[in-house]
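Reading through the structure tokens given below for one structure.
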Amino acid sequence: MLFGDVSEELARRVMAALRHVIDIEPPSAVVRVSSRAGVDYQCDLAMNLGKQLGRAPREIAAGIAARLDVADLAEPPEVAGPGFLNFTLRSSWLEDRATALDGDPRLGAAVTPWPRRIAIDYSGPNAAKEMHVGHLRPTVIGDAIARLLRFAGHDVIPHNHLGDWGTPFGMLIERLLDERPSAPHTIRDLNGFYQAARSRFENDEDFATRSRARVVLLQSGDQETLSLWRQLVDESTRHFTQVYELLGIGLSSGDVYGESFYNPFLAAVVDDLTNAGLTAISDGAVCVFPDGFLNREGEPLPLIVRKRDGGYGYAATDLATLRYWTEQREVTDLLYVVGAPQAQHFAMVFAVCRAAGWLREGQRAEHIGFGSVLGEDGHAMKTRAGELVRLSDLLAEAVSQAAEVIDGRDDLSPEVREEVAEAIGIGALKYADLSGDRGRDYVFSWERMLAKNGNTSVYLQYANARIRSVLARADQDLAGVRVLLGHPAERALALALIRFPEAVGAATAGYLPHKLCTYLYETAVVFSRFYEQCPVLDAESPGVRDSRLLLAELTSKTLTLGLSLLGISTPDRL
Ligand code: ARG
């Protein structure tokens, strides 16, 4: 039985046929899922080739069709319109394939033949501040991408680039020393503490000077300074870990590689860049001017490696970070799930690392950007007091709103209700973040994310729970059952089910979790059409009933596995 991606398989066959039709090196063919009725897949290669070679596209398409060997899986391909090649899968093949999904925990998705070692940097909150709504996206999107890559068979190393170093700590520690609080601060009062320190830093020149000197002491390893710093970072890490646990994020305190971790490597970064002749002094600071980066006036843009006061900043740390992961951890890929405004920062860091030889041939670095979460007024989401909404408040609110969704379900025990409310609330929050194209901003709306209809996790969780209750009612062993496709709605469902590998592949290859969301939603819709049109428990014959139960079970497995790759759980009962 052939597994994996059907569109890729068809594309391979098109390429093989193409060699007999044209005498240039064939360009790679792309075969796409078709939305036209009666057509399962479509290829438009002949149109592009026609233009390139000055030949009639339909004639090229017909040439390919004549040579194409797809009889094992598809009907003879048709040439349509200006030169499309249309494919329709053979029903018996579809039946075999859907039946075979049952024994495969990966539902047909292949493991990559080219595993890579991938360091993925995500979440990255700043210590001594509570996580706010802005941290939701890098955390949730990063976690889904890490899961997808791991599922594909890569060696994935998540790391959390905690903002635990630099200027803010100078002022925080200086304030701690001024205050000498009797008990250590909790994260809640650290928020206020941070704001007080910042405003003093901005308004009190003497305090600002002491704070800057304190940063230098911190970076040079002064004991008293370090122990105060530790207090602040430990309390913050406790808070982050709690939030991750509640959110179901696969980051632990062991994955923290904060900015401080790279401090011992910073001096060598400057020295090696300088020895390689890559640095220049500008305004007293050591800078690199990577090729091709200009400001609006057309002047070269600097990446500051060491500041005038001898301190190191965010950019120096990212240079040391990349170098650490490629040289000491020997990763092949570095992914950074960080907001879109940092695109230029990363492009410059990558350029400097390439020039320095820290990012070599065959190693890839990629910034995976995303848009912002906006309030319903279209601006950054703030509380009434004008602060960014705290993430822990948001999570609590999600769970309590979800509890209202299942209100009235007296058949569920209080413990089950709490579990379910958590699964629905946290799921909704994550899914809302994942289901749109990550590059765009999205408007936060409880009403939309908790809607029982539409492309929401609640809809998918309900669909799945409903299927499981049908299966429980049938209470039947489906081993050895064969999928039969008599009704068009059955065929449509089988076709959706065998496309799981394509959806997962597309979501993984482009780091685009929304592609998996769209697929899961469409599959659930196709299932509900099937369920309306094809009686399951009261099917016309035992064979048809078994087949429909199996289709239902495969749908539930698809939704469950798909949502788990997005970090969303699927309660049995809702
Ligand atoms: N702490 C940073 C911020 O809040 C994000 C860190 C992203 N990762 C990195 N390697 N720079 O903007």
Checklist entry - Within the group N263, N275, which residue is away from the ligand (no atom under 16 Å from the Cβ) and either farther than 30 Å from V399 by Cα or in contact with a Cys (Cβ under 7 Å, 6 or more places away or on another chain) (or both)? => result N275
Checklist entry - Would you pick out the residues in segment 248-294 that are part of a strand (DSSP E or B), in contact with a Ser or Thr (Cβ under 7 Å, 6 or more places away or on another chain) and touching a residue at least 24 places away in the same chain (Cβ under 8 Å)? => result V256, V288
Next on the checklist: Just to be sure before I move on: is R438 basic (K, R) and at pLDDT 90 or above in the structure I sent?
Outcome noted: yes
Item to check | Matching residues, segment 427-456, being open to solvent by less than 20 Å² (accessible area, probe 1.4 Å) and under 16 Å from the mean Cα position of the chain (by Cα) | outcome: G427, A428, L429, K430, Y431, D433, L434
Item to check | Single unsatisfied condition, A196 versus (1) in contact with a helix residue (DSSP H, G or I) (Cβ under 8 Å, 6 or more places away or on another chain); (2) surrounded by fewer than 17 Cβ atoms within 10 Å (Cβ to Cβ); (3) at pLDDT 90 or above | outcome: (3)
Checklist outcome for this item: Flagged in segment 377-400 as under 24 Å from I568 (Cβ atoms) and either of a type in the set (D, E, K, R) or touching a residue at least 60 places away in the same chain (Cβ under 8 Å) (or both), in numbering order, are M381, V389, R390, L391, S392, D393, L394, L395, E397
Next on the checklist: Here's a check for you: in segment 323-345, which residue that is under 14 Å from the mean Cα position of the chain (by Cα) and in a loop (DSSP other than H, G, I, E, B) is nearest to the ligand (Cβ to nearest atom)?
Outcome noted: V338
Checklist entry - Here are some residues: G142, G153. Which one is crowded, with 20+ Cβ neighbours inside 10 Å and not polar (S, T, N, Q)? => result G142
Checklist outcome for this item: When G357 is run through (1) surrounded by 19 or more Cβ atoms within 10 Å (Cβ to Cβ); (2) away from the ligand (no atom under 16 Å from the Cβ); (3) of a type outside the set (A, V, I, L, M), the failure sits at (1)
Next on the checklist: If I filter segment 331-351 for residues that are touching a residue at least 24 places away in the same chain (Cβ under 8 Å), open to solvent by 10 Å² or more (accessible area, probe 1.4 Å), within 16 Å of G258 (Cα to Cα) and out of contact with any His (no Cβ under 8 Å at 6 or more places or on another chain), do I get at least one hit?
Outcome noted: no
Next on the checklist: Conditions first: (1) in a helix (DSSP H, G or I); (2) open to solvent by 20 Å² or more (accessible area, probe 1.4 Å). R308 passes all but one, so which condition is the exception?
Outcome noted: (1)
Checklist outcome for this item: Checking D189, D204, D234 in turn, the sole residue that is among the acidic types (D, E) and closer than 20 Å to D309 by Cα turns out to be D204
Item to check | Residue list for segment 531-545, filter: open to solvent by 40 Å² or more (accessible area, probe 1.4 Å) and either touching a Gly at 6+ places or on another chain (Cβ under 9 Å) or assigned to a helix (DSSP H, G or I) (or both) | outcome: Y531, E532, Q533, P542, R545
Checklist entry - On the given criteria, is N295 within 16 Å of the ligand (Cβ to nearest atom), farther than 28 Å from R147 by Cα and at pLDDT below 95? => result no
Item to check | Within segment 103-157, tally of residues that are of a type in the set (G, A, S) and within 16 Å of the ligand (Cβ to nearest atom) | outcome: 8
Checklist entry - Is it the case that some residue within segment 158-171 is away from the ligand (no atom under 16 Å from the Cβ) and more than 26 Å from the chain's Cα centre (by Cα)? => result yes
Checklist entry - Can you name every residue in segment 416-444 that is assigned to a helix (DSSP H, G or I) and aliphatic (A, V, I, L, M)? => result V416, V420, A421, A423, I424, I426, A428, L429, A432, L434
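Do we have A37 as of a type in the set (A, V, I, L, M) and outside any helix (DSSP H, G or I) here?
Yes; evaluated as a whole, the condition is true for this residue.
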Next on the checklist: So for segment 122-137 (the condition being among the small types (G, A, S), touching a Gly at 6+ places or on another chain (Cβ under 9 Å) and open to solvent by 10 Å² or more (accessible area, probe 1.4 Å)), does at least one residue qualify?
Outcome noted: yes
Checklist entry - Can you tell me how many residues in segment 11-32 are in contact with a Ser or Thr (Cβ under 7 Å, 6 or more places away or on another chain) and surrounded by 21 or more Cβ atoms within 10 Å (Cβ to Cβ)? => result 1
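Looking at R230, is it outside the structural domain of N191 (by TED's automatic domain parsing) and not in a strand (DSSP E or B)?
no
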Next on the checklist: Given the condition modelled with pLDDT of 95 or more, within 20 Å of V405 (Cβ to Cβ) and β-branched (V, I, T), answer yes or no: does some residue in segment 527-537 qualify?
Outcome noted: no
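The values are calculated or read from the model by the stated rules, or taken from the named source; none is laboratory data. Every value quoted in this text rests on a predicted model; they were computed, and no experiment measured them. Cβ: placed from backbone, ideal geometry, glycine included. Neighbour counts: every protein chain shown. Heads up: the accessible areas ignore ligands, DNA and RNA and are worked out on the full protein's heavy atoms, side chains in. Shrake-Rupley method; radii C 1.70, N 1.55, O 1.52, S 1.80 Å.
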